Amino acid sequence: DTAVSQTPKYLVTQMGNDKSIKCEQNLGHDTMYWYKQDSKKFLKIMFSYNNKELIINETVPNRFSPKSPDKAHLNLHINSLELGDSAVYFCASSRGGWAYEQYFGPGTRLTVT
Amino acid sequence: GENVEQHPSTLSVQEGDSAVIKCTYSDSASNYFPWYKQELGKGPQLIIDIRSNVGEKKDQRIAVTLNKTAKHFSLHITETQPEDSAVYFCAASINTGNQFYFGTGTSLTVIP
């Protein structure tokens, strides 16, 4: 069974479009995250979310918004896509927040043309 | 905020040799230090972690050491094997805060 899954694995789209990436975890964790990994492999936290609190990295443009329909899902919506949004996006989850192991999904490679 | 520096950015070793990756952090309140391994095309995976009340932790061929005074921690891989080739990330976080920072990554290549 896949612990953290993401769809789609690849996403190619044009500038200005709106897209979503879905994430699901079956680990029963209460905290989920979204990361962006750029072409130099730098990993940057975008959001963390549990059923009580959304923490947003202040450097993330407000075109990005996480949406959680329930505890097992945290989807990422991106409006008005830009070339600079091209990256690999990883979803992750943990059982208790930052000081616990994070389980990562396989990633979604987003290419904006 | 926290600043995590990681060195070297690339590392090549012969199979069977040891590999050492070092990280420094800036915030003395940081108290959790995990190491993640990312294989090509996959998400990062935790390989070992250490908390601030411990100076060293070992798991088979992997060990991590922490020097709180100097604010640095290191990953040691002994008897390296080709399957150890990957990108390794250190990280630091503060238990009670909402802060988690990855280092810049080290691309390790083990030459058979």
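Derived scalar couplings between HN and Hα for the range A:10-17 equal 10, 9, 10, 8, 9, 3, x, 6 Hz in order, rounded to whole Hz, by the Karplus curve 6.51 cos²θ - 1.76 cosθ + 1.60 (θ = phi - 60°), x for Gly and Pro. When the charge dipole of chain B is built from unit charges on Cβ atoms (+1 for Lys and Arg, -1 for Asp and Glu) and taken about the Cα centre, the candidate among B:SER85, B:TYR25, B:PRO112 whose Cα reaches farthest toward its positive end is B:TYR25.
Of all lysines in the structure, the ones whose alpha carbon falls short of 25 Å from that of B:LYS58, not counting any fewer than 8 places away in one chain, are B:LYS22, B:LYS37, B:LYS42, B:LYS68, B:LYS71.
Residues whose amide H comes within less than 5 Å of that of B:ILE94, counting only those at least five positions distant or on another chain, are B:ASN31, B:GLN99 (H built at 1.01 Å from N in the peptide plane). Computed 3J(HN,Hα) for the range A:26-34, one whole-Hz value per residue from the Karplus formula 6.51 cos²θ - 1.76 cosθ + 1.60 where θ = phi - 60°, is 10, 9, x, 6, 9, 10, 10, 9, 10, glycine and proline marked x.
Karplus-based coupling profile of the range A:35-47, in residue order and whole Hz: 10, 10, 10, 8, 5, 8, 6, 5, 9, 10, 6, 9, 9, with θ = phi - 60° in 6.51 cos²θ - 1.76 cosθ + 1.60 and x standing for Gly or Pro.
Peptide A:36-45 has a mean of 4 when you count, residue by residue, the C-beta atoms of other protein chains within 10 Å of its C-beta.
Longest segment of chain B with no GluC sites (Glu not before Pro) in a DSSP loop having at most 13 other Cβ atoms within 10 Å?
For GluC sites (Glu not before Pro) (loop position, at most 13 other Cβ atoms within 10 Å), the longest site-free span of chain B is B:40-78.
Converting the Cα gyration tensor eigenvalues of chain B into ellipsoid dimensions via √(5λ) gives semi-axes, longest first, of 24, 14, 12 Å. Taking amide hydrogens as placed 1.01 Å from N in the peptide plane, the amide H of A:MET46 sits under 5 Å from those of A:TRP34, A:TYR35, A:LYS36, each at least 5 positions away in sequence or on another chain. Per-residue Cβ neighbour counts within 10 Å put B:LYS37, B:LYS57 in the sequence B:LYS57, B:LYS37, beginning with the fewest. When each of A:LYS40, A:LYS19, B:LYS42 is scored by the number of other beta-carbon atoms lying within 10 Å, the sequence from fewest to most is A:LYS40, B:LYS42, A:LYS19. Taking amide H atoms as placed 1.01 Å from N in the peptide plane, the amide H of A:THR111 lies under 5 Å from those of A:LEU11, A:VAL12, A:THR13, each 5 or more residues away in sequence or on another chain. Ranked by how many other Cβ atoms sit within 10 Å of their own Cβ, fewest first, the residues A:MET32, A:MET46 fall in the order A:MET46, A:MET32. Taking 7 Å steps out from each Cα toward its Cβ at B:LEU46 and A:THR13 produces label points 3.2 nm apart.
The numbers here are math on the coordinates, done by the rules we state, and not lab data. The structure presented is a predicted model; accordingly, all values stated were derived computationally and were not measured. We place every Cβ from the backbone using ideal geometry, glycine too, and count neighbours over all the protein chains shown.
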